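Just below is one structure, and these are the notes that go with it.
The values are calculated or read from the model by the stated rules, or taken from the named source; none is laboratory data. Just so we're clear, the structure is a prediction, and the values are computed from it rather than from any experiment. All Cβ positions, glycine included, derive from the backbone under ideal geometry; neighbour counts span all protein chains shown.
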Amino acid sequence: MQRRVVRLILGAIVALNATFATASEGERADFASVSVLMRHQITFAGIPGCDINLERVAGSVGVGLYESWKATAVGSCPPDPVYEFSLRGVGETAFAMKRDFATKGSVVDSLMRTSWAWTPMIPGDYQVRVVLKATYGSPSSERVEVVSDPINVPTPALNVPRASSHPLVALYTTQDRRCTTLAVRFQKNDDSDVDQPWQLTNSQRCSGSGAPPKTFFVAGMEASTTYKVQLVVNGHPFQRVERFTTEAIPANVHVNETSTDPLRDPLHSFVRAVDALTDTSMPFHWDVFNRPVWIADALIGTPMVKTIAEQPVWYWHLASAASELNNPIVPRKTELKFLAFARDANSPPAASNAALTVYREIDLAGMPLWETNLRALDQRASHHQFGFHHDAQRIGEMDRLLTTYTARCKRPNVPAGTANDPGDDPDVNSSWLPVCPCTRAGCDATRTATWFGDGLLLVKNDGSIAWEWNIFDHLATNRPAPNVYPVCAAATGECPLLGMREYTHSNSVAFSEDNSILLLSVRFQDWVLAIDFRDGKGTGDVLWRLGRNGDFSCVIHGGDPCPTFDPWQDTLGEPPQNDPWFSHQHTAHFLGADRVLLFDNGNRRCTAAGPTADWTCNSNGIRSRMQLYQLEFDGSGAPLQAVRERNVVLVRYSSALGTAQLLSNGNLVGGLGNIPIDGTATATRVSYVEEIGTDPDSSLPVQSYTYVGREPPGDAAAVGGRNYRAPRVRSLYTSSPP
């Protein structure tokens with residue numbers, strides 16, 4: 001058999017892929033080791049004398065393999081224009097936007113935002129369309145539009161696994177059939193007596209024998225390991241078993257260490273021993289590591305998926321898959337996509353601005369599927385947008401909800417409880433910072449204080465905004481402050497706009513089962529807000545507020561008020577905590593129609609201050625918790641009380657970051673993402689993930705599993721092991737827990 005070789009020109013990974021992986025001679029011949037000028041036609045000439053050169057500069061013309069294109073303005077074109085890339089696929093009549101308007105932003109050719117990578121998944125003819133405008137806000141009539149000649153993507157070798165663009169991911173293409181569903185199963189090729197489980201890819205519906213072939217990503221495999229791979233038709237194995245060997249993880253990919261070894265616990269004796277309730281059904285844990293400041297280091301695969309035995313099976317490596325981006329955070333995954341925020345590496349943050357500027361959806365090979373950016377959306381929004389942050393959610397096939405930063409100019413030093421000042425929208429300076437007071441007609445010159453809050457944008461596949469929400473329009477700033485609102489003393493990933501007073505710091509979005517209610521976790525208000533969403537047709541009104549001084553009273557079963565101190569059965573041997581309500585919470589989400597699970601960081605219970613506060617509070621017995629509430633309403637739908645069903649005290653106090661998740665077996669998983677290893681002001685941060693089960697005899701909660709996350713071995717301690725989120729997933733093909 002022939003051996004496939006795929007080389008990623010834009011990155012440092014060389015994927016000399018798998019044993020028995022085959023490809024057609026046509027694919028091998030079309031590998032783009034040098035740039036190829038692509039023929040095109042001008043389909044709209046709104047800028048006289050301006051044209052666009054199209055080149056294929058990297059990748060392969062093959063099903064499931066990326067290829068990178070570059071657009072260059074030639075002739076009498078505006079300086080540093082913006083470019084949009086769209087694609088018309090096999091059998092499609094219309095172009096679909098794949099990368100929103102973006103500017104080059106730098107003279108560094110290797111990182112130009114004029115390049116775009118895409119991956120064909122069906123053999124046949126494709127066309128690329130590029131639109132050029134002078135600026136993000138230029139009218140559509142002032143554009144140049146070119147369309148490439150058709151690019152034919154050949155049919156690959158069928159019914160055999162072959163290399164993808166990711167060292168740990170294979171491709172499998174099979175002809176369509178008269179059937180119901182197609183899928184691929186894979187199993188570690190182990191000759192030991194241990195019965196290795198079969199994993200299953202996503203399924204695709206059959207379309208008939210005349211339809212194009214179906215292609216699958218085979219993902220969830222360990223490095224340098226041989227797997228059996230077999231087609232599945234209508235749920236039954238079909239075709240003969242083939243074998244595929246994954247690559248080693250390249251040396252320049254620095255994988256954060258995770259370990260269940262108690263000796264790796266930096267605080268040593270605190271982690272309890274694993275007991276008989278260890279959940280061996282957990283196939284994968286997904287760690288989203290986070291760096292607190294902007295670091296020009298693309299070596300770390302920020303999101304990674306590992307087995308319960310701590311073996312990596314997937315990662316996203318910026319240097320190879322997205323070299324034009326930096327400082328990423330990947331808060332969500334869907335069935336076949338990861339949702340990512342990052343910063344354009346061509347515009348590194350000034351001393352005053354470190355906001356994330358790019359939203360990208362990536363496939364299981366780590367390659368881009370769809371992208372927009374801050375400046376493009378700002379032109380379409382009714383309020384200025386100052387950065388992406390924390391969370392994103394896909395809604396169906398057409399929409400995604402993005403969290404953004406917004407700002408409002410307010411009068412300074414207004415006492416709490418006075419009439420709410422609606423404020424003005426700020427102006428924007430060259431560093432894309434809000435400026436108060438604004439100078440437009442109608443602006444109030446006394447509104448000199450800049451308040452920094454949150455926005456929500458529902459963005460459609462064409463980049464248009466279907467629904468917009470600004471917290472300043474729905475949450476007054478005149479309530480007594482539940483916390484001291486911080487002012488960004490430096491521009492970091494956590495507080496990215498220098499000098500701004502941060503009012504809300506919302507950190508997660510979730511939906512009710514029917515998408516009628518949007519749940520927003522507002523960290524600095526110690527509230528979870530329910531927002532009228534209704535699939536993007538809602539008013540945006542706040543329906544109720546869960547938390548201290550909100551719309552629900554906190555009660556336990558039987559109707560008694562939640563006790564001030566945690567009862568002993570909740571504490572798992574840890575010190576009882578002295579506040580019934582949560583504070584500075586994370587990952588609030590619905591379980592069913594009216595239950596809400598969240599991670600209670602507990603910052604209100606930590607009264608220490610300064611750079612060693614986290615260590616002091618951990619040493620003094622402060623602990624984070626997971627809380628599950630059953631919400632009760634009266635006959636008219638007005639909120640009554642929140643029945644606290646579960647209140648689990650965890651092994652550490654994490655002042656920031658956190659995850660709460662319910663597994664199908666009833667166990668809870670808590671991710672504590674920000675733990676100092678000593679009492680120094682610059683202590684390295686690590687993370688813990690703790691699973692809490694229930695003893696079948698006593699019905700009391702017991703710890704069943706803990707692992708510790710640290711910086712990659714050999715890396716500087718500053719890189720750290722802070723874990724933004726640590727959910728579990730059944731496989732790489734779902735976001736559901738095991």
Residue tally, condition free of Cβ contacts under 8 Å to residues at least 40 places away in the same chain and within 28 Å of residue 501 (Cβ to Cβ), over region 534-549: 4
Wholly enclosed strands (runs of 3 or more DSSP E) of region 180-255 bearing at least 2 residues closer than 21 Å to residue 120 by Cα: 181-188, 214-218
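Test residue 463 against the criterion of being part of a loop (DSSP other than H, G, I, E, B) and surrounded by fewer than 13 Cβ atoms within 10 Å (Cβ to Cβ), and give yes or no.
Considered against the rule, which asks whether it is part of a loop (DSSP other than H, G, I, E, B) and surrounded by fewer than 13 Cβ atoms within 10 Å (Cβ to Cβ), residue 463 comes out as no.
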Checklist (1) in contact with a His (Cβ under 8 Å, 6 or more places away or on another chain); (2) at pLDDT below 90 applied to residue 657, failing item: (2)
Residue in region 661-676 that is modelled with pLDDT of 80 or more, closer than 30 Å to residue 517 by Cβ, surrounded by fewer than 17 Cβ atoms within 10 Å (Cβ to Cβ) and more than 24 Å from the chain's Cα centre (by Cα) present: yes
Test: residue 553 is under 21 Å from the mean Cα position of the chain (by Cα) and of a type outside the set (A, V, I, L, M, F, W, C): no
Number of the exception - residue 675 against (1) among the β-branched types (Val, Ile, Thr); (2) in contact with a Pro (Cβ under 6 Å, 6 or more places away or on another chain); (3) in the same structural domain as residue 289 (by TED's automatic domain parsing): (2)
Failed item in (1) under 30 Å from residue 722 (Cα atoms); (2) surrounded by 12 or more Cβ atoms within 10 Å (Cβ to Cβ); (3) modelled with pLDDT of 80 or more, with residue 198 passing the rest: (1)
Top-ranked residue of region 36-62 - restricted to ones that are surrounded by 14 or more Cβ atoms within 10 Å (Cβ to Cβ) and among the aliphatic types (A, V, I, L, M), ranked as nearest to residue 131 (Cα to Cα): 52
Candidate set: region 67-76, residues that are out of contact with any Asp or Glu (no Cβ under 6 Å at 6 or more places or on another chain) and either among the small types (Gly, Ala, Ser) or not in a strand (DSSP E or B) (or both); chosen: the one surrounded by the most Cβ atoms within 10 Å (Cβ to Cβ): 71
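This table checks each residue for (1) part of a strand (DSSP E or B); (2) in contact with a strand residue (DSSP E or B) (Cβ under 8 Å, 6 or more places away or on another chain); (3) within 27 Å of residue 173 (Cα to Cα); (4) at pLDDT below 90.
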site	(1), (2), (3), (4)
18	no, yes, yes, yes
23	no, yes, yes, yes
65	no, yes, yes, no
78	no, yes, no, no
84	yes, yes, no, no
90	no, yes, yes, no
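Rundown of residues vs (1) of a type in the set (Ser, Thr, Tyr); (2) touching a Ser or Thr at 6+ places or on another chain (Cβ under 9 Å); (3) within 26 Å of residue 170 (Cβ to Cβ), yes/no style:
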{"residue": "312", "(1), (2), (3)": "no, no, yes"}
{"residue": "315", "(1), (2), (3)": "yes, yes, yes"}
{"residue": "319", "(1), (2), (3)": "no, no, yes"}
{"residue": "324", "(1), (2), (3)": "no, yes, no"}
{"residue": "327", "(1), (2), (3)": "no, yes, no"}
{"residue": "335", "(1), (2), (3)": "no, yes, yes"}
{"residue": "352", "(1), (2), (3)": "yes, yes, no"}
{"residue": "363", "(1), (2), (3)": "no, yes, yes"}
Qualifying residue in region 411-426 (condition: under 30 Å from residue 727 (Cα atoms) and touching a strand residue (DSSP E or B) at 6+ places or on another chain (Cβ under 9 Å)): no
Filtered residues of region 466-492 (kept if surrounded by 15 or more Cβ atoms within 10 Å (Cβ to Cβ) and among the basic types (Lys, Arg)): none
Residues located in region 129-156, provided they are in a loop (DSSP other than H, G, I, E, B) and over 14 Å from residue 41 (Cα atoms): 134, 135, 136, 137, 138, 139, 140, 141, 142, 154, 155, 156
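Scan region 92-107 for residues that are β-branched (Val, Ile, Thr) and assigned to a strand (DSSP E or B) and jot them down.
Answer for region 92-107, where residues must be β-branched (Val, Ile, Thr) and assigned to a strand (DSSP E or B): just 103.
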Enumeration of residues in region 646-660 that are in a strand (DSSP E or B) and either surrounded by fewer than 21 Cβ atoms within 10 Å (Cβ to Cβ) or touching a Phe, Trp or Tyr at 6+ places or on another chain (Cβ under 9 Å) (or both): 646, 659, 660
Leading residue by the ranking (nearest to residue 380 (Cα to Cα)) among those in region 134-149 that are loosely packed, with under 14 Cβ neighbours inside 10 Å and out of contact with any Gly (no Cβ under 9 Å at 6 or more places or on another chain): 137
Scan of region 222-241 for residues that are buried (at least 22 other Cβ atoms within 10 Å of the Cβ) and under 30 Å from residue 90 (Cα atoms), ordered by number: 229, 231
Among (1) at pLDDT below 95; (2) not in a loop (DSSP other than H, G, I, E, B), the one test that residue 177 misses: (2)
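When you look at residue 159, is it in a strand (DSSP E or B) and of a type in the set (S, T, N, Q), yes or no? Break it down into steps so the answer makes sense when it comes.
Numbers: in a strand (DSSP E or B): no; of a type in the set (S, T, N, Q): yes.
Answer is no for this residue.
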